[in-house]
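Here the structure comes first, spelled out in structure tokens, and everything after it is commentary.
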Amino acid sequence: MRRRMGMVGAMALGLGLLTGGPAHAADAGTIHVPEDFVPALSDTRATGHYELVGTGLRLWTENATSTDKVAEYVATSTPLAEVGEPTLEYTNTSGGGVPGFQLVIDFDGDGSNDGILVGEPGVYGADWWLNTAAKTFVKDGAPVTGGGSGSAWHGTLAQWSTAFSEADVTAFGFSLGSGVKGDGVLTAITFAGTRYTFAEHVVLEGKNDCKGGGWKTSTKPEFRNQGECVSSFASASKGSGKK
């Protein structure tokens, strides 16, 4: 049996930073890297990077230019009113950059994305600001307009939810940069009551890996029992013409 993992290295971690509200109990989840990231939403650029470090995700940029950005998203379909106060558990190791939480939102419930809300609690507290590329009707309906945040359109998630009662979060994720140099480990993401850590899929290589409970460790695919696991490899062998 082989666990397919990315580049994992030992790192001397500094003080942890919880970017969000107070810690609370949450369900456990796993984000499989990179399969669970939405390619169409990815904004990881030439000099922005990520890699697995145990159950965390190291994020880093090389300099402070427009190509220094790492941003990835996980698909969801969650009413904005039900997301709570999302948090990133992040440990900074060098550089001044800290990732922000990102919510991709369909504000009017018509099935298309209308904008992104960005949470940077270390800078703006519970105030979430709207990206400048968001649709005009979202800007016009923002709970607060004017300065004091990351853009001219901002407010708490509760205020955004009140202003847009049909708003649905279609993806959640993180962004470090652009134009920011940073290096650290994202330990977990908490969203809508679930605390997600990171892993790569465990892929079995043959029917012998199914034995001794090995079938339970497979995540791609998942098996109901040892027999199903063994049968999957037998079927694959027949399909490939192997005796």
Query raised in the report: Of the numbered conditions (1) in a strand (DSSP E or B); (2) under 16 Å from the mean Cα position of the chain (by Cα); (3) surrounded by 19 or more Cβ atoms within 10 Å (Cβ to Cβ), Trp129 satisfies every one except a single condition; which is it?
Result: (2)
Requested in this report: Name the single residue, out of those in the range 30-61 being part of a loop (DSSP other than H, G, I, E, B) and of a type in the set (A, V, I, L, M), that is farthest from Gly96 (Cα to Cα).
Outcome: Val38
Query raised in the report: Hey, any hits in the range 155-170 for a residue that's open to solvent by 50 Å² or more (accessible area, probe 1.4 Å), closer than 30 Å to Cys229 by Cα and not β-branched (Val, Ile, Thr)?
Result: no
Query raised in the report: Which is more than 30 Å from Ala64 (Cα to Cα) and touching a strand residue (DSSP E or B) at 6+ places or on another chain (Cβ under 7 Å), of Trp215, Trp153, Trp160?
Result: Trp160
**Report entry** Residue ID - nearest to Glu35 (Cα to Cα), chosen from residues in the range 60-103 that are over 12 Å from the mean Cα position of the chain (by Cα) and among the hydrophobic types (A, V, I, L, M, F, W, C)
**Finding:** Trp60
Query raised in the report: Residues Ala75, Ala64, Ala71: which one is surrounded by fewer than 17 Cβ atoms within 10 Å (Cβ to Cβ), assigned to a strand (DSSP E or B), touching a residue at least 24 places away in the same chain (Cβ under 8 Å) and of a type in the set (A, V, I, L, M, F, W, C)?
Result: Ala75
Query raised in the report: On the given criteria, is Thr87 in contact (Cβ under 8 Å) with a residue 40 or more places away in the chain and either small (Gly, Ala, Ser) or under 15 Å from Ser178 (Cα atoms) (or both)?
Result: no
Requested in this report: Can you give me the number of residues within the range 93-112 that are touching a strand residue (DSSP E or B) at 6+ places or on another chain (Cβ under 7 Å), surrounded by fewer than 14 Cβ atoms within 10 Å (Cβ to Cβ) and in a loop (DSSP other than H, G, I, E, B)?
Outcome: 3
Requested in this report: Kindly establish whether Ala64 is small (Gly, Ala, Ser), in contact with a Gly (Cβ under 8 Å, 6 or more places away or on another chain) and at pLDDT 95 or above.
Outcome: yes
Report task. Could you tell me whether Gly115 is within 17 Å of Thr61 (Cβ to Cβ), open to solvent by less than 50 Å² (accessible area, probe 1.4 Å), of a type outside the set (Phe, Trp, Tyr) and touching a residue at least 12 places away in the same chain (Cβ under 8 Å)? Result -> no
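Would you kindly identify the strands (runs of 3 or more DSSP E) lying entirely within the range 139-243 that contain at least 2 residues that are under 30 Å from Leu59 (Cα atoms), at pLDDT 95 or above and aliphatic (A, V, I, L, M)?
Output list reads 168-177, 182-191.
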Query raised in the report: Is there a residue in the range 2-16 that is surrounded by fewer than 14 Cβ atoms within 10 Å (Cβ to Cβ) and either touching a Pro at 6+ places or on another chain (Cβ under 9 Å) or modelled with pLDDT of 85 or more (or both)?
Result: no
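The values are calculated or read from the model by the stated rules, or taken from the named source; none is laboratory data. All values derive from a computational prediction rather than experimental measurement. Don't worry about glycine lacking a Cβ; one is built from the backbone with ideal geometry, like all the others, and counts go over all protein chains shown. Please note that ligands, DNA and RNA were not included when accessible areas were found on the heavy atoms of the full protein model with its side chains. Shrake-Rupley method; radii C 1.70, N 1.55, O 1.52, S 1.80 Å.
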